[in-house]
Amino acid sequence: MKKLALHWKILIGMLLGLVFGFIMLQVGGRAFTEDWIKPIGSIFVKLLKLIAIPLILASLIKGISDLKDISKFKNIGLKTIGIYIVTTVIAISIGLALVNIIQPGDGVSEETIAKLTETYSENSSVKAKIAEASKQMDTGPLQFLEDMVPDNAFNALSNNKLMLQVIFFAIFLGISMLLIGEKQAKPMKKLFDSLNDIVLKMVDLIMLSAPVAVFALLANVVVSSDDPDILFALLKYAGVVVFGLVLMIVFYCIIVATFTKKNPFWFLKEISPAQLLAFSTSSSAATLPVTMERVEEHIGVDKEVSSFVLPVGATINMDGTSLYQAVAAVFIFQALGLDLTFADQITIVLTALLASIGSAAVPGAGMVMLVIVLESVGLPPELLPIGLALIFAVDRPLDMCRTVVNVTGDATVSMIVAKSVGKLHDPKPKEWDDNYDAVK
């Protein structure tokens, strides 16, 4: 009998998690879910984060050392950054177009605004995000470049939030290995080649528990959700964001079909386990090991490309988050009865683009970026907590949706870059038990 594909197992786990979460809400089982179900999902996310940095380090060093030619790396790098910028601008533009046409903020009553303000404006999480955004805005124009360079490689390797520093160190080490010659670099290259294969096998093993893990993650999301009445009041705003995100997925499919000549439905099927995990975890960084495994083994992108494009994308490519910021910023102005000029909306495009580059690939980072966008278009500081309160109730479910788009965008760009440099080949998927018979 044919085995059920992984993406179907994960989807079943997600649906059962939603049903279980709703049942627990009805019977007062929130404490049970948080004590006995949530830890299963948390352990799974920790395992993915555990291998993220070893995978980036091994994969990127292996990819660069396999190039034999530094000019190829420059070519891949320039194309990657250029395409990421273009897709982000398109995402922001789609968001602005939809929010101006549908105008979801005009339908929010004063009573709803007052209720949301009372519920969330003094929320500690809202205040923390405003403080974090203020700290980022106080930095100099080249601070992001300074932050990319680690002063201690081991410190960078011990912190998932310092992914750009890990990428810098890996690129620096890989290029240095090329420059000392193949003979001298051979022992180090064999080490990282082996480490890369081992970490990818760890991904396969971790993914065996994915269906159970997403059940736990989704069940916890449901039981910790906010007041249903508040969620319903924000349905129009959430609908605009989700519609925009769906349009971005359609855009990616068109790009895949046009530039790589691959079937877009095949592409979505192969990347779907990473998309479903992105939805469950709300984290591009946590999903990165799975994204790399799917893109390399199941889509056929060569490691020379994927090892650079995907880690960089998880850090700076935030198409879904940027689209959400465009919609959220205009929605807040509409709901509060404030005007935005055309020049202000151009400012939103530029600020959201720049903010996405420095955004962390973790849950909730989009709201920190939103504060920076709102400040750039002149929202009065005293209205910032109210503005964030308006959208805070639906931020988590929207965060889950926009992370799916972020991950899909990374995979799309890796395919385009690979095709442009002749590094897109037939996929060669591996299973966790390929060598099991030899060792059991």
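Taken together, the values in this text are just the output of simple stated rules run on the coordinates, not laboratory data. Since the model is a prediction, treat every value here as computed from it, not as a measurement. Here Cβ is always computed from backbone atoms with ideal geometry, including for glycine, and neighbour counts include all displayed protein chains.
Taking the number of other C-beta atoms within 10 Å as the exposure measure, put LYS3, LYS423 in order starting with the fewest. Present the calculation step by step, with values, prior to reporting the outcome.
Working: LYS3 8, LYS423 20.
Least to most surrounded, the residues fall as LYS3, LYS423.
Going by C-beta contacts inside 10 Å, put MET248, MET24 in order with the fewest on the left.
Working: MET248 25, MET24 20.
Lowest count first: MET24, MET248.
Would you work out which of CYS253, ASN155, VAL212 lies farthest towards the positive end of the dipole of segment 138-271, given +1 charges on the beta-carbon of Lys and Arg and -1 on that of Asp and Glu, about the Cα centre?
Among CYS253, ASN155, VAL212, the one farthest towards the positive end of the dipole of segment 138-271 is CYS253.
Semi-axes of segment 345-440's equivalent ellipsoid from the Cα gyration tensor, sqrt of 5 times each eigenvalue, largest first, rounded to whole Å?
Values: eigenvalues 324, 77, 18 Å².
Sorted largest first and rounded, they come to 40, 20, 9 Å.
If the cut-off is 25 Å between C-alpha atoms, which lysines fall inside it for LYS419, apart from same-chain ones fewer than 8 positions away?
Excluding near neighbours in sequence, the set is LYS62, LYS68, LYS72, LYS74, LYS79, LYS261, LYS262, LYS269, LYS303, LYS428, LYS430.
Cut-off 10 angstrom, C-alpha nodes, Gaussian network model of the chain. Which of THR412, THR117, THR139 fluctuates the most?
THR139
Under a GNM of the chain (C-alpha, springs under 10 Å), which listed residue has the highest mean-square fluctuation: ARG30, ARG402, ARG294?
Result for the chain, Cα springs under 10 Å: ARG30 fluctuates most.
Add -39500 (n - 2.57) for each DSSP H run of 4 or more in the chain, then divide by its residues: what number comes out at 222 nm, to the nearest 500 deg cm²/dmol?
Numbers: 21 runs with 329 residues, N = 440.
Calculated mean residue ellipticity at 222 nm is -24500 deg cm²/dmol.
Would you kindly give the portion of the calculated P(r) for segment 317-360 that falls above 14 Å, as a percent of all Cα pairs?
Working: 455 of 946 pairs.
Here the long-distance tail beyond 14 Å is 48 percent of all Cα pairs in segment 317-360.
Please identify, among PRO264, PRO104, PRO211, the residue showing maximal mean-square fluctuation in a Gaussian network model of the chain using a 10 angstrom Cα cutoff.
Looking only at PRO264, PRO104, PRO211, the biggest GNM fluctuation is shown by PRO264.
Given the convex hull over the Cα atoms of the chain, what projected area results after averaging over all orientations, in nm²?
Details: hull surface 92.0 nm².
That works out to 23.0 nm², a quarter of the Cα hull's surface.
Taking the alpha-carbon set of segment 139-187, what are its Rg and Dmax in Å?
In order Rg, Dmax, the Cα atoms of segment 139-187 give 13.3, 44 Å.
Taking the Cα centre of the chain as origin and charging only Cβ (+1 Lys, Arg; -1 Asp, Glu), how large is the dipole, in debye to the nearest 20?
On the way: 35 positive and 40 negative charges, 344 e Å.
Charge dipole, the chain, about its Cα centre: 1660 debye, nearest 20.
Quick one: helix 6-27 against the long Cα principal axis of the chain, what's the angle to the nearest 10°, folded into 0 to 90?
Approximately 30 degrees, to the nearest 10.
What order do you get for LYS74, LYS303 when you list them from fewest to most C-beta neighbours inside 10 Å? Spell out each step's value before the answer.
On the way: LYS74 10, LYS303 19.
Fewest-to-most ranking of LYS74, LYS303: LYS74, LYS303.
Cα axis of helix 319-335 to longest principal axis of the chain: angle in degrees, 0 to 90, nearest 10?
10 degrees
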